[in-house]
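Participant: Dropping the structure in here first, questions after.
The values are calculated or read from the model by the stated rules, or taken from the named source; none is laboratory data. Keep in mind that what you see is a predicted model, and the values were worked out from it rather than measured. Cβ sites come from the backbone with ideal geometry, for glycine too, and all protein chains shown count toward neighbours.
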Amino acid sequence: MFSIHPLNSITLRQSPPFSNGRHRRIQFSSVSRWRRVQTKAVVSGGDNGGQIQTTATTKTKTSIPLESNESGEIEVKAMITIRKKMKEKLIDKIEDQWEYFINGVGQGIQIQLISHQIDPVTNSGKSVQSNVRGWVPKPSSVSYIVEYAANFTIPSDFGSPCAILITNLHAKEFYLLEIVIHGFNGGPIFFPANTWIHSHNDNHESRIIFSNQAYLPSQTPAGIKDLRREDLLSIRGTGKGERKQHDRIYDYAPYNDLGNPDKDKELVRPILEGDEMPYPRRCRTGRPPTLSDPFSESRIEKPHPVYVPRDETFEEIKQNTFSSGRLKALFHNLIPSLAATLSSSDISFKCFSDIDKLYIDGVLLNVEENKGGINDLLLGKLMNQFLSAGGRLLKYEIPEIIKRDRFSWLRDNEFARQALAGVNPVNIELLKEIPIQSKLDPTIYGPLESAITKELLEQELGGMSLEKAIEEKRLFIIDYHDILLPFIKKMNSIPGRKAYASRTILFNSKSGILRPIAIELSLHQARSSRRVYTHGHDATTNWIWKLAKAHVCSNDAGIHQLVNHWLRTHASMEPYIIATHRQLSSMHPIYKLLHPHMRYTLEINAIARQNLINGGGIIEASFSPGKYALELSSAAYKNMWRFDLESLPADLIRRGMAVEDSSMPCGVKLVIDDYPYAADGLLIWSVIKEWVESYVKHFYADPNSVTTDVELQAWWTEIKTKGHHDKQNEPWWPKLSTKDDLSGILTTMIWVASGQHAAINFGQYPFGGYVPNRPTLMRKLIPQENEPDYENFIQNPQLFFLSSLPTQLQATKVMAVQDTLSTHSADEEYLGQVNLQHNHWINDHEIMKLLNKFSSRLEEIEEIIKARNKDTSLKNRNGAGVPPYELLLPTSGPGVTGRGIPNSISI
Ligand SMILES: [Fe+2]
């Protein structure tokens with residue numbers, strides 16, 4: 001991309017940073033006296049006002065004197081590290097040669113050092129400018145990392161460089177990893193970038209890169225105050241126009257892009273915003289409206305990517321070798337191939353061995369139906385593909401849930417265990433009173449009382465009275481009645497979909513085994529539509545009970561996907577990320593804290609809106625709510641979502657699964673000790689909290705520093721009023737006045753992005769990959785004695801059960817999606833780990849010590865969780881055929897591992 005060339009000239013910048021690119025330049029001679037150094041140092045400052053000290057990470061240090069020459073000038077050197085494409089195509093190489101001729105060697109990049117001091121002439125930061133000199137060989141096995149150099153001669157009173165302006169005169173963007181300035185007392189100064197530098201042709205503004213010194217707004221050195229403000233203004237944009245691929249503008253838009261009314265009336269979807277259908281905001285793309293509806297945004301068709309700010313796009317390793325490639329293969333090749341192969345005979349599984357065949361024999365995909373695309377299938381470890389004479393054979397891996405115990409899914413205690421240790425362990429609640437009351441409007445939805453009675457429950461309590469069971473906190477409920485009932489009639493009008501709104505009562509016996517004892521299924525508001533089922537002991541009631549449990553599981557799968565997974569993690573995080581970029585400078589300590597927890601989320605959410613949750617997308621096709629899926633998600637946001645209850649301890653207390661107890665580490669005691677998600681989650685929560693509190697305390701020494709931090713206050717206000725606009729008037733938003741307030745808010749955000757998402761996301765295939773364990777939809781209601789289907793059920797209950805489950809096509813599609821969504825990318829970054837490329841993200845020695853402590857604590861937790869999984873007294877994670885609970889083990893390798901907590905939501 002760039003070539004070696006002697007430095008031509010150095011200029012002293014005399015005009016403010018953005019003055020239409022016209023800077024007065026004063027020429028300085030430039031004689032380089034530098035040789036390449038491999039210094040890696042952390043420059044420490046903390047909140048000490050920016051004093052520079054070298055700390056422990058120096059590997060090989062060459063003495064770098066700060067000495068002026070006879071003219072009173074100092075020579076410094078900038079080393080610029082750029083990441084090229086890992087797999088460079090011939091066309092890229094040709095383009096690089098073309099750049100050589102167009103720009104001349106070494107003329108393609110200009111950088112400008114900005115001092116912390118004000119230049120009294122210009123009243124902005126002192127500056128010097130240089131062209132990048134040329135390529136410096138790097139003894140590295142990483143062929144795509146390239147270093148360039150630029151020499152500067154600066155006045156001896158220049159001060160310390162705190163920012164760099166970089167201008168890319170090439171026709172192509174490039175990825176800047178970091179710039180290191182050598183020549184100042186105390187060692188090198190790092191400017192971590194990890195950003196795409198746009199071409200001057202696309203945008204005439206220079207990019208501003210700040211040093212790795214964190215500053216609260218009030219601490220910003222005078223020389224870079226303007227740049228701090230200008231960079232934020234540039235990121236916010238004007239709110240107008242269609243975003244271009246090279247933009248790095250973060251802005252908000254409502255969910256008005258899910259439908260495709262221009263294509264088909266059936267694909268009209270409501271806009272999710274306002275009092276009736278509130279929803280978090282997404283990242284604005286500015287695409288034009290549809291022709292049919294001026295309020296809906298037009299969709300973008302492949303191969304054009306959906307806009308996300310440039311630095312939010314997947315890096316090449318994720319893009320080409322793994323997730324993005326897999327996602328594309330999944331959406332554009334595999335699923336169409338499955339449809340082509342199975343649609344003409346889209347039938348039920350006829351016997352359980354039909355399901356087993358998916359793992360043993362595989363699905364023979366019809367290559368003829370999808371020539372070209374099918375050959376590009378790029379699948380992970382779990383779904384193996386083989387070429388055979390008849391086509392391409394797709395084999396699914398045996399999911400964890402049946403690998404150890406082929407029949408566990410049939411047992412009641414396994415059904416209950418999955419409510420505590422499965423992929424959706426966040427809906428079980430303590431049952432506090434009977435009768436159970438609905439909160440729905442009785443004038444619309446009928447009697448408020450559930451049909452589950454005291455007498456019925458006491459038959460299942462083994463002689464214990466209901467009062468005693470409630471007093472001893474032995475009764476629990478998974479209650480999907482109120483969230484689903486308003487949608488059931490609409491859902492059941494969709495061909496091939498039949499659902500109930502369910503309530504499930506569970507009993508925790510004295511032996512500590514939780515099991516379901518009653519299931520209420522409601523079809524509509526009339527009391528006559530409510531039926532209560534219990535286990536039963538004869539053959540018929542036993543099969544009916546299995547069907548009732550399957551209906552509960554399909555309710556659970558829908559709520560899990562649309563509420564707990566999509567809404568509460570993916571969608572809710574998006575506004576925090578947008579606000580963080582718009583309101584917190586990249587030199588703000590809270591920006592630096594949150595940065596690892598924002599990686600890839602905007603892009604994966606954009607891909608999901610394009611292919612998963614869109615009108616006619618895979619979620620609608622595979623889950624019971626069908627075209628009402630996102631309306632249901634919006635209803636949950638309207639009625640249930642509260643920021644203050646997204647903290648793990650608060651959520652457990654809300655559900656009655658824990659009580660406040662100041663003697664416990666997180667201030668709560670679990671009602672069921674053997675609740676693996678909560679027990680392990682509280683460990684993770686507590687170390688995140690400890691890390692965040694120590695970090696906040698370090699940067700906010702002054703008692704008023706939280707309230708006087710103008711960027712932080714604007715950030716929090718924007719999250720409430722713009723990002724979660726429809727909830728802006730809710731009284732439950734935490735205040736942001738103290739360090740504790742800030743720590744609480746940040747701990748919740750980091751928990752949601754890391755532990756909460758990991759617990760909810762990476763078990764999707766391990767638990768859902770066996771359809772009978774977790775059907776995503778049901779196709780038949782439970783037959784009643786007076787109905788025609790009843791006799792079919794009596795004659796062959798197994799066939800009736802299987803014919804109620806998703807069809808073979810529906811099942812194989814959703815299994816493929818679950819497999820992909822459960823997959824860790826090879827470049828995944830896990831909680832407590834710092835990517836080597838980002839190891840200069842902050843220059844504070846104290847913070848690095850705190851981060852090391854955080855990492856060590858996570859390593860300890862890993863051992864604690866492993867020990868728990870070996871504890872035979874913990875029957876929800878140990879026992880014959882019982883899989884250990886590993887979803888909150890912090891680390892993982894790539895692939896579908898059922899473990900590992902990434903820093904951010906990236907799949
Ligand atoms: Fe996810």
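Participant: So which residues in the range 390-416 are over 26 Å from the mean Cα position of the chain (by Cα) and within 30 Å of L682 (Cβ to Cβ), if there are any at all?
Facilitator: I402, K403, R404, D405, S408, W409, R411, D412, N413, E414, F415, A416
Participant: Oh, and also: With (1) within 16 Å of the ligand (Cβ to nearest atom); (2) farther than 30 Å from L232 by Cβ; (3) modelled with pLDDT under 95 as the list, and A608 as the residue in question, which single condition is left unmet?
Facilitator: (2)
Participant: Let me ask another. Can you say whether N852 is surrounded by fewer than 16 Cβ atoms within 10 Å (Cβ to Cβ) and under 24 Å from the mean Cα position of the chain (by Cα), as far as the supplied structure shows?
Facilitator: In short, yes.
Participant: Condition test on V76, is it closer than 18 Å to F190 by Cβ, over 39 Å from the mean Cα position of the chain (by Cα) and at pLDDT 85 or above?
Facilitator: yes
Participant: Out of the residues in the range 670-695 meeting the condition of being free of Cβ contacts under 8 Å to residues at least 60 places away in the same chain and under 27 Å from the mean Cα position of the chain (by Cα), tell me which one is farthest from K866 (Cα to Cα).
Facilitator: Ranking the qualifying residues of the range 670-695, first place goes to E693.
Participant: Can you tell me which residue within the range 720-738, out of those that are part of a loop (DSSP other than H, G, I, E, B) and in contact with a Pro (Cβ under 9 Å, 6 or more places away or on another chain), is nearest to I577 (Cα to Cα)?
Facilitator: Checking each candidate, the answer is H724.
Participant: Now for a different question. Quick one: is S663 under 22 Å from E860 (Cβ atoms) and of a type in the set (S, T, N, Q)?
Facilitator: Yes, satisfied.
For every residue, the table says whether it meets (1) crowded, with 21+ Cβ neighbours inside 10 Å; (2) at pLDDT 70 or above; (3) over 24 Å from N839 (Cα atoms); (4) over 37 Å from the mean Cα position of the chain (by Cα).
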| site | (1), (2), (3), (4) |
| --- | --- |
| R83 | no, yes, no, no |
| K93 | no, no, yes, no |
| V105 | no, no, yes, yes |
| I111 | yes, yes, no, no |
| I118 | no, yes, yes, yes |
| P137 | no, no, no, yes |
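Participant: Here is a further query. Working only within the range 609-625, note down all residues that are surrounded by 23 or more Cβ atoms within 10 Å (Cβ to Cβ) and either over 20 Å from the mean Cα position of the chain (by Cα) or farther than 27 Å from A339 by Cα (or both).
Facilitator: S622, F623, S624, P625
Participant: Moving on to the next point. Regarding the range 558-569, can at least one residue be identified that is aromatic (F, W, Y), out of contact with any His (no Cβ under 6 Å at 6 or more places or on another chain), at pLDDT below 95 and within 16 Å of the ligand (Cβ to nearest atom)? Let's see the steps before the verdict.
Facilitator: Taking the range 558-569 first, the residues aromatic (F, W, Y) are 566.
Next cut, out of contact with any His (no Cβ under 6 Å at 6 or more places or on another chain) only: 566.
Filter again for at pLDDT below 95, leaving none.
No: the range 558-569 contains no residue that is aromatic (F, W, Y), out of contact with any His (no Cβ under 6 Å at 6 or more places or on another chain), at pLDDT below 95 and within 16 Å of the ligand (Cβ to nearest atom).
Participant: From the residues in the range 521-543 that are in contact with a Phe, Trp or Tyr (Cβ under 8 Å, 6 or more places away or on another chain) and within 24 Å of L431 (Cα to Cα), which one is modelled with the lowest pLDDT?
Facilitator: Selected residue: Q525.
Participant: It is to be established whether one or more residues within the range 481-501 are under 21 Å from M657 (Cα atoms) and either assigned to a loop (DSSP other than H, G, I, E, B) or among the small types (G, A, S) (or both).
Facilitator: Within the range 481-501 (the criterion being under 21 Å from M657 (Cα atoms) and either assigned to a loop (DSSP other than H, G, I, E, B) or among the small types (G, A, S) (or both)), the answer is no, since none of the residues qualifies.
Participant: I would also like to ask the following. Got a sec? Which of A579, A629 is modelled with pLDDT of 95 or more, crowded, with 22+ Cβ neighbours inside 10 Å, under 16 Å from L746 (Cβ atoms) and more than 14 Å from the ligand (Cβ to nearest atom)?
Facilitator: That would be A579, the only listed residue that is modelled with pLDDT of 95 or more, crowded, with 22+ Cβ neighbours inside 10 Å, under 16 Å from L746 (Cβ atoms) and more than 14 Å from the ligand (Cβ to nearest atom).
Participant: Across the range 249-280, which residue is farthest from the chain's Cα centre (by Cα) among those that are of a type in the set (G, A, S) and surrounded by fewer than 19 Cβ atoms within 10 Å (Cβ to Cβ)?
Facilitator: This residue is G274.
Participant: Restricting to the range 810-854, count the residues that are farther than 21 Å from N212 by Cα, among the small types (G, A, S) and more than 16 Å from the ligand (Cβ to nearest atom).
Facilitator: Residues flagged as farther than 21 Å from N212 by Cα, among the small types (G, A, S) and more than 16 Å from the ligand (Cβ to nearest atom) within the range 810-854 amount to 2.
Participant: Say whether the condition of being part of a helix (DSSP H, G or I), among the polar types (S, T, N, Q), in contact (Cβ under 8 Å) with a residue 60 or more places away in the chain and more than 15 Å from the ligand (Cβ to nearest atom) is met by at least one residue in the range 521-534.
Facilitator: Checked against the condition, which is being part of a helix (DSSP H, G or I), among the polar types (S, T, N, Q), in contact (Cβ under 8 Å) with a residue 60 or more places away in the chain and more than 15 Å from the ligand (Cβ to nearest atom), the range 521-534 yields no hits at all.
Participant: Could you go through the range 754-762 and let me know if any residue there is within 16 Å of the ligand (Cβ to nearest atom), aromatic (F, W, Y) and modelled with pLDDT of 95 or more.
Facilitator: Taking every residue of the range 754-762 in turn, at least one turns out to be within 16 Å of the ligand (Cβ to nearest atom), aromatic (F, W, Y) and modelled with pLDDT of 95 or more.
Participant: Next question. Pairs needed: first member in the range 748-769, of a type in the set (S, T, N, Q); second member anywhere, within 12 Å of the ligand (Cβ to nearest atom) and in a helix (DSSP H, G or I); C-beta distance under 7 Å; at least 6 residues apart or different chains.
Facilitator: Once the first residue is of a type in the set (S, T, N, Q) and sits in the range 748-769, its partners that are within 12 Å of the ligand (Cβ to nearest atom) and in a helix (DSSP H, G or I) give Q756/T569; N761/H565; N761/L821; Q764/Q818; Q764/L821.
Participant: Looking at (1) away from the ligand (no atom under 16 Å from the Cβ); (2) within 21 Å of R417 (Cβ to Cβ); (3) among the hydroxyl-bearing types (S, T, Y); (4) within 29 Å of the chain's Cα centre (by Cα), which is the only condition T891 fails?
Facilitator: (2)
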